[in-house]
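Below you'll find the structure, written out as structure tokens, and then a few comments.
The values are calculated or read from the model by the stated rules, or taken from the named source; none is laboratory data. Quick caveat, the model's predicted, so the values are computed rather than measured. Backbone-built Cβ (ideal geometry, glycine too); neighbour counts: all protein chains shown.
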Amino acid sequence: MTSIAYLSVRRGGRVTGAVYLAYFVLAIGAQALAGHVPPALSAAANVVAAVCYAALVVLLFGVFLPESPTRSAIAALFGIAGCVVTILALVHALPVRVTPLWFFGPYCALVGYLIVVSGFVPRALGALLMLAGFAWLAFAAGVLPPPATRAAEALGIVAEAALMLWLLAAGIDVARWNARIAQGPGGAP
């Protein structure tokens, strides 16, 4: 492997972490604006955060493409659908009340699964993200009692923040990523 390829893969993981951080900052900022600025400005800030998350979805699709193109694409479709639903809800363009969590739950669970099977980042982060995805679905379904809804929210935020911090600090495991590329999709040589 050339040093350029190594740096490119390592940098890609860190860029993904940086986009994740940008999303977190934008989403928290948008929530902080709610009720303190005109609703249109708050909605615009949330749209920018959703677009940033869509960019993150595309980057994570690329990260996990060597592990499973199909699963990575399915995860990306759920993530992009969640972003679209978020934006449509913000501009009141949905004919019915649909929560983006119906899409972000499976997205988190699938990305968590891809982490676990690939080992590109620590598998414990993948397991945590899978749990968060299932918690988002339970939250969206309304089956959690009020104290558990706060725990589900916290789990989702902690899981995604942990992945973001790992990507920023360490990136992805370049050796595993390159080994998976060499094997081809599904592990075939």
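Out of the residues in segment 64-82 that are among the β-branched types (Val, Ile, Thr) and over 12 Å from the mean Cα position of the chain (by Cα), state the one that is surrounded by the fewest Cβ atoms within 10 Å (Cβ to Cβ).
Top of the filtered list is Thr70.
For segment 153-172, does any single residue satisfy the condition of being modelled with pLDDT under 95 and farther than 19 Å from Tyr20 by Cα?
no
Among the candidates Arg176, Arg97, Arg180, Arg150, which residue alone is part of a helix (DSSP H, G or I), modelled with pLDDT under 95 and within 29 Å of Pro38 (Cα to Cα)?
Unique residue meeting the criteria: Arg150.
Step by step: first the residues of segment 129-147, then only those that are in a helix (DSSP H, G or I) and exposed (fewer than 15 other Cβ atoms within 10 Å of the Cβ), then the one that is modelled with the highest pLDDT. Which residue is that?
By that ranking, first place goes to Ala141.
Kindly establish whether Leu59 is aliphatic (A, V, I, L, M), surrounded by 15 or more Cβ atoms within 10 Å (Cβ to Cβ), closer than 20 Å to Val117 by Cβ and free of Cβ contacts under 8 Å to residues at least 60 places away in the same chain. Explain how you work it out, then say what you get.
On the way: aliphatic (A, V, I, L, M): yes; surrounded by 15 or more Cβ atoms within 10 Å (Cβ to Cβ): yes; closer than 20 Å to Val117 by Cβ: yes; free of Cβ contacts under 8 Å to residues at least 60 places away in the same chain: yes.
It is true that Leu59 is aliphatic (A, V, I, L, M), surrounded by 15 or more Cβ atoms within 10 Å (Cβ to Cβ), closer than 20 Å to Val117 by Cβ and free of Cβ contacts under 8 Å to residues at least 60 places away in the same chain.
Can Pro66 be described as in contact with a Gly (Cβ under 9 Å, 6 or more places away or on another chain), closer than 30 Å to Ala175 by Cα and not in a helix (DSSP H, G or I)? Full working, then the answer.
Numbers: in contact with a Gly (Cβ under 9 Å, 6 or more places away or on another chain): yes; closer than 30 Å to Ala175 by Cα: yes; not in a helix (DSSP H, G or I): yes.
It is true that Pro66 is in contact with a Gly (Cβ under 9 Å, 6 or more places away or on another chain), closer than 30 Å to Ala175 by Cα and not in a helix (DSSP H, G or I).
Is it true that Ala154 is surrounded by fewer than 15 Cβ atoms within 10 Å (Cβ to Cβ) and either under 19 Å from Gly79 (Cβ atoms) or in contact (Cβ under 8 Å) with a residue 60 or more places away in the chain (or both)? Quick ask: steps written out before the conclusion?
Working: surrounded by fewer than 15 Cβ atoms within 10 Å (Cβ to Cβ): yes; either under 19 Å from Gly79 (Cβ atoms) or in contact (Cβ under 8 Å) with a residue 60 or more places away in the chain (or both): no.
No; evaluated as a whole, the condition is false for this residue.
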